[in-house]
1. Suppose we keep only residues that are within 15 Å of B:Asn59 (Cα to Cα) and out of contact with any Gly (no Cβ under 9 Å at 6 or more places or on another chain) within the stretch B:500-515. Which one would you say is nearest to the other protein chains (Cβ to nearest Cβ)?
2. State yes or no: is A:Leu431 within 25 Å of the chain's Cα centre (by Cα), within 14 Å of chain B (Cβ to nearest Cβ) and either surrounded by 16 or more Cβ atoms within 10 Å (Cβ to Cβ) or in a loop (DSSP other than H, G, I, E, B) (or both)?
3. Filter the stretch B:434-478 for residues that are free of Cβ contacts under 8 Å to residues at least 40 places away in the same chain and assigned to a helix (DSSP H, G or I) and give the result.
4. If you go through the stretch B:86-107 one residue at a time, do you hit one that is within 14 Å of chain A (Cβ to nearest Cβ), over 25 Å from B:Ser197 (Cβ atoms) and either surrounded by fewer than 15 Cβ atoms within 10 Å (Cβ to Cβ) or not aromatic (Phe, Trp, Tyr) (or both)?
5. All but one of (1) without any contact (Cβ under 8 Å) to a residue 60 or more places away in the chain; (2) of a type in the set (A, V, I, L, M); (3) closer than 20 Å to B:Gly240 by Cβ hold for B:Ala484; state the number of the condition that does not hold.
6. Answer yes or no as to whether B:Val151 is surrounded by 21 or more Cβ atoms within 10 Å (Cβ to Cβ) and outside the structural domain of B:Leu84 (by the TED database).
7. Go through the stretch A:229-251 and report how many residues are in a helix (DSSP H, G or I) and either of a type in the set (Lys, Arg) or over 14 Å from A:Ile181 (Cβ atoms) (or both).
8. So for the stretch A:249-270 (the condition being farther than 30 Å from A:Leu223 by Cα and buried (at least 24 other Cβ atoms within 10 Å of the Cβ)), does at least one residue qualify?
Protein chains: 2
Amino acid sequence: MITGKNYIGNHLVASGSKILKTFNPELNQENDWNFIEATTEEIEKAVQLAHKAYQEYKNFSGKKKALFLNAIADEILALGDTVLEIYVKESGLPKGRAEGERGRTIGQLRAFAQMLEEGSWVEATIDTAVPDRQPLPKVDLRKMLYPLGPVAVFGSSNFPFAFSTAGGDTASALAAGCPVIVKSHSMHIGTGELIASAVIKAAQKTGMPEGVFSNLIGSGINLGTTLVKHPLIKAVGFTGSIIGGRTLFNLAAERPEPIPVFAEMGSINPVVLLPSELKKNTSFWAKQYASSITLGAGQFCTNPGLIIGLESPELNSFASELASEILQIAPSCMLHYSIKKNYNEGQQELSLQKEVEIIAIYDGKIQPNYAPQTVLRVNATEFLKNKTLSHEVFGPFSILVICKSKEEMTTLINSLEGQLTGTIIADSEELNSYREVVEALKGRVGRLIFNGVPTGVEVCASMLHGGPYPASSDSRFTAVGIHAVKRWVRPISYQNWPNELLPEELKDENPLGIARTVNDKLELATAFITV
Amino acid sequence: MITGKNYIGNHLVASGSKILKTFNPELNQENDWNFIEATTEEIEKAVQLAHKAYQEYKNFSGKKKALFLNAIADEILALGDTVLEIYVKESGLPKGRAEGERGRTIGQLRAFAQMLEEGSWVEATIDTAVPDRQPLPKVDLRKMLYPLGPVAVFGSSNFPFAFSTAGGDTASALAAGCPVIVKSHSMHIGTGELIASAVIKAAQKTGMPEGVFSNLIGSGINLGTTLVKHPLIKAVGFTGSIIGGRTLFNLAAERPEPIPVFAEMGSINPVVLLPSELKKNTSFWAKQYASSITLGAGQFCTNPGLIIGLESPELNSFASELASEILQIAPSCMLHYSIKKNYNEGQQELSLQKEVEIIAIYDGKIQPNYAPQTVLRVNATEFLKNKTLSHEVFGPFSILVICKSKEEMTTLINSLEGQLTGTIIADSEELNSYREVVEALKGRVGRLIFNGVPTGVEVCASMLHGGPYPASSDSRFTAVGIHAVKRWVRPISYQNWPNELLPEELKDENPLGIARTVNDKLELATAFITV
């Protein structure tokens, strides 16, 4: 089933000799398959094919691209249980999670397909000519979004389906009209190959040009560097660590022609506990957070790694209850021994900092690659002094920071780097009376949550998954939801262009019936006009 | 009238000692005024004030910000002729041009004010909760655009009003909710001071926080570098040379927290002449282009610096007529002796390249700082070999490139760097039969023009003024039209936020009556709903 080869366009190729293996963290051993790294020539071939495919693919109608995206979803489903089993073997995540994540991945693909079928996403904007305007005639101008070109996608370790081979970056780039070259994540190359086979099958069935998708295998930095520096690659999508994302960002910024990089990177997702709500529902929030911190072995980019409260008896009760609740949860397996190793190192480094108290650490018997959940406590003065304490520890880890006052809380939030999410646990009155705290949090995050947990990223148009640096490399975009497509497109204007040669989206008669802004007036899509 | 000082917030300050002068190119002498460079402390003060002002200004309603923008327009008009006279003394541009450009600047400010009053620009997107969804409830999510923070603006030499102190970058950033610090362009510091005084007066009259606008004087790189590297500056707008824009882009990308830079830089604005249309209207196009190349001494970023045609008798006729027409136009004054010097150097460098023929150069008597219009001719093979030939020569300059075939034309266009505009002179049939040429051009430009000249940038929502690098540093944005605001905002999502504490734009009852997308359905602004 698994060949261990690269997809260079529609072909499985492996002329190289360097072998990679994936790792089964549950069994604590390497998987059997041999994967062959792409050679420099193969990388070049994939890029050339993507460039060539772009010339055709960029002009395909939304309906045609929608067929492709829906076919990818169908072909992924057609892989059946096989891909779930390989996913489990390469991630240590349970099969139920694999199934759920597959559902999310399919859902994303279909959401972009629906967006393409409907068509209004191109932001068609029309200003018609005024030939007799004084002192100069006004020209006819029409603007819409246009794909940037081939996109290199670097998936994440923690979502082998939804943020990887055919995940949100790939789906949104293909929807935009951009061919995609995926660097297969080295922790789940087998899963990646199967998903890639589904994409290729879908491309062939729906008549896509070869090169619209390639899937390359590589360890180390050569593959990534070659892709990001290649003049024919026009944008980059990345999900992973700050160091990885920043490296790609720097490479892209240093190119003779810089290109956009959307990197979704680190976040410790601060949670602010306000006293009145905390007092009312101490146990509820302790349970909620024990569960959120340990969900998926804490391997979510939205894991609540920082909990901020005001010195008080109720915060002490919360701390005790959180500690007791979290220790009742059975530890679970991490994605890879290297991730477990990093977890241990990070958890130990932070635990050993000055004035840090360990309020919970799982010390029962634990299997290899399983993560002992850990909660620390420190006061805000110390947290503010010691930058190490705000480092992300990827895993079931959180640090509770005790503030003396509302002002200290505000200062602490203002001192944080950019975050994917910020949560406020409060009653409505507190939300109002702690306005500075809310404002400070708003300034640091992409998504503000009221009385909930940050884990759980709904896929919908209103979702912002990103945020100020380093949560993402460009806070003006999102990685989740249909607006993720905006990362891969640029507007283009047509001036006085003959109507019959304009793209369908911009023609006078609006043949696609999409929503458009005409002479500063928004007009609804035909489908939305009630007769 | 002119004090020579910096506006640090509402105060005219000049504690420094370094003096700058501006230059009157018509008189070929320095202007009288002494301008004092901002000191490091003054720069810091301006940034701190901007940061403080942001905390308040970002939450102002659209209506309140609109009052401010309209007041700026009013106060600029209230400066009367004085500012026009200083503009003329600092730019060598005629008073009529100053008046026209003032009109454009006022128009831009009012367009953003109108956008703010209407309010739909924030892209409000709402997905309501589905508490009983299986397997998990769906949360309520609401997203809208939110200002990034203080923006540093670097204006251009060639538009002392429209792309400078209170030009498009400033107007769009203020509309977004971002305070602005302008680095006054060193060629028109006097004009800048008067315009800044109008902005400050408007800010005071409409109750804006001090620091919402500052105007700083500086030569060399210290002021610009300090602003772009300052942690409290959150974005940069620039109009000017590639070397200047790229320097700021690099600085911003190297920051611990990288920030967006929108730099509008070089462009030679290729014009493609197709044979049938050219044959029909040789003289018309020769006249049009003689006039477009020399308009404003060729000092437009959309100046047609490259004309591409197919070897043919009609192209020869066009060349002769263009030469004869352009030599009948009286040369005009350039902005500054340094710009004239650069023009001379560039024009000479390109003229001396191998196989380049000068088909027109004004050799009549010419005043100091006036530019002799120049048209060169070369074949495409040579143009493709010699990168020097595609350098921008800022001024009344163009190069005619002769291609042997449609294929060579396509290759040539594909070899170009990114451009603000690309123009096709053709009849409708040719537009269809030269599809590869059009596609190639589309891939290189921000705006495609049919049968016109690239000079003249209409200010409207459908305008794209930008384009692939180096036309701009990020092709996904525009510098002109109300969508220019998108450079300075990021989306933010609210999850399960209490309705009464949501921004007006996102409340259930839609109190502002703006267009919104609710559960994937676009709803028109109240003003647009016909009862």
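1. B:Leu501
2. Numbers: within 25 Å of the chain's Cα centre (by Cα): no; within 14 Å of chain B (Cβ to nearest Cβ): yes; either surrounded by 16 or more Cβ atoms within 10 Å (Cβ to Cβ) or in a loop (DSSP other than H, G, I, E, B) (or both): yes.
In short, no.
3. B:Arg435, B:Glu436, B:Val438, B:Glu439, B:Ala440, B:Lys442, B:Gly443, listed by residue number.
4. no
5. (1)
6. Working: surrounded by 21 or more Cβ atoms within 10 Å (Cβ to Cβ): yes; outside the structural domain of B:Leu84 (by the TED database): no.
In short, no.
7. Of all residues in the stretch A:229-251, those in a helix (DSSP H, G or I) come to A:229, A:242-251.
Retained after the next criterion (residues that are either of a type in the set (Lys, Arg) or over 14 Å from A:Ile181 (Cβ atoms) (or both)): A:229, A:242-247, A:249-251.
Result for the stretch A:229-251: 10.
8. The first filter runs over the stretch A:249-270 and keeps only residues farther than 30 Å from A:Leu223 by Cα, leaving A:269-270.
This time we only want the ones that are buried (at least 24 other Cβ atoms within 10 Å of the Cβ), so: A:269-270.
Yes: the stretch A:249-270 contains one or more residues that are farther than 30 Å from A:Leu223 by Cα and buried (at least 24 other Cβ atoms within 10 Å of the Cβ).
The values are calculated or read from the model by the stated rules, or taken from the named source; none is laboratory data. This one's a predicted model, so the numbers in the text were calculated from it and none came from an experiment. Backbone-built Cβ (ideal geometry, glycine too); neighbour counts: all protein chains shown.
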